[in-house]
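Visitor: Could you have a look at this structure, given as structure tokens, before my questions?
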Amino acid sequence: MAKEFDFSLIKKQAVNYRQIELTIHKAYKSLEASKKVIDTDTDSSFILAYEAMLKASLALMLSRGCRPRTGLGHHKTLVEFSGFVLGEKFADIITTYDRMRAKRNKVVYDIALVSEAEATQAADLAGKYVDVVRNKIEEDNPQLRLI
């Protein structure tokens, strides 16, 4: 995915391990909620799975002492930053995550529906992604054990 990253899209901030831990915890809560509603509301399940990935991406960015600048495009910034940090090994996951970002926009702002299969795939991918990000944060910060 992103071999380079536009650092003008982010701003520096002090690393706060409690904030990182809470953000990862929220990612897992969104993932859990995604799985709970899949049988009754596939659109919400998909959105919650995407939000789990977004929160994990934010935790990853926070662990690097930065956060996205506010405004239009901050979701894409999180996706691109994650691709930059995680590297080629996770390019397929990042590509799917970016497609989910676009689909989520259509579900929220247009008239688009999510099938049960899409929602299930989204929840499965989100679970893998949040674990990958948590492991990366812990690997980069050995003093930190999340969840």
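Bear in mind these aren't lab numbers, they're just calculated from the coordinates by the rules spelled out. Note that the structure is predicted; figures quoted are calculated from it, not measured. Cβ sites come from the backbone with ideal geometry, for glycine too, and all protein chains shown count toward neighbours.
Visitor: How far, in degrees from 0 to 90, does helix 91-109 lean away from the longest principal axis of the Cα atoms of the chain, to the nearest 10?
Guide: It is inclined by approximately 60 degrees.
Visitor: Here's a follow-up. Of the listed peptides 16-22, 100-106, what is their order by residue-averaged count of other C-beta atoms within 10 Å, with the highest listed first?
Guide: 100-106, 16-22
Visitor: Quick check on packing: order 132-142, 79-89, 65-75 by the mean number of other C-beta atoms within 10 Å, highest mean leading.
Guide: Most protected by this proxy first, the peptides run 79-89, 132-142, 65-75.
Visitor: Taking the Cα centre as origin and putting +1 on Lys and Arg beta-carbons and -1 on Asp and Glu beta-carbons, what dipole magnitude results for the chain, to the nearest 20 debye?
Guide: 600 debye
Visitor: Separate question: With a point put 7 Å past each Cα toward its Cβ, work out how far residue 111 is from residue 19 in nm, to one decimal.
Guide: Distance between the two pseudo-spin positions: 4.2 nm.
Visitor: Just to be sure I understand, if you calculate Cα extents along the principal axes in Å for this structure, which of [x] 45, 44, 28; [y] 58, 39, 34; [z] 40, 30, 27 do you get?
Guide: Evaluating Cα extents along the principal axes in Å on these atoms matches [z].
Visitor: Where does the charge balance sit around residue 122 when Lys and Arg score +1, Asp and Glu -1, over other residues with C-beta under 12 Å from its C-beta?
Guide: +1
Visitor: What pairs in 11/76; 26/55; 11/89; 35/128; 29/89; 35/89 have C-alpha atoms more than 18 Å from each other?
Guide: Table pairs above 18 Å Cα-Cα are 11/89; 29/89; 35/89.
Visitor: Between residue 12 and residue 128, what length in nm is gained on full extension when 0.36 nm per residue of separation is reduced by their alpha carbon distance?
Guide: 39.0 nm
Visitor: If contacts are Cα pairs under 8 angstrom and at least 6 residues apart, what is the relative contact order of the chain in percent? Please report the intermediate quantities before stating the final value.
Guide: Numbers: 202 pairs, mean separation 51.6, N = 147.
Here the relative contact order equals 35 percent.
Visitor: Cα axis of helix 42-63 to longest principal axis of the chain: angle in degrees, 0 to 90, nearest 10?
Guide: The angle comes out at about 0 degrees.
Visitor: A follow-up question, please. Fewest to most neighbouring Cβ within 10 Å: what's the order for 35, 29? Mind dumping the intermediate values first?
Guide: Details: 35 18, 29 14.
If I rank by nearby Cβ atoms, fewest first, I get 29, 35.
Visitor: Turning to a different aspect of this structure: Charges on Cβ only, +1 for Lys and Arg, -1 for Asp and Glu, centred on the Cα centroid of segment 45-147; of 77, 126, 91, which one is farthest towards the dipole's positive end?
Guide: 77
Visitor: Report the Cα centroid-to-centroid distance between segment 108-136 and segment 1-52 in angstrom, as an integer.
Guide: Here the answer is 10 Å between Cα centres.
Visitor: Summing +1 for each Lys or Arg and -1 for each Asp or Glu, what net charge is found among the other residues whose Cβ lies under 11 Å from the Cβ of residue 30?
Guide: Working: positive: 26, 29, 35, 36, 55; negative: 32, 51.
That sum, taken over residues with Cβ under 11 Å, equals +3.
Visitor: If you fit an axis through the alpha-carbon atoms of helix 74-86 and take the longest principal axis of the Cα set of the chain, what angle between them do you get, 0 to 90°, nearest 10?
Guide: 60 degrees
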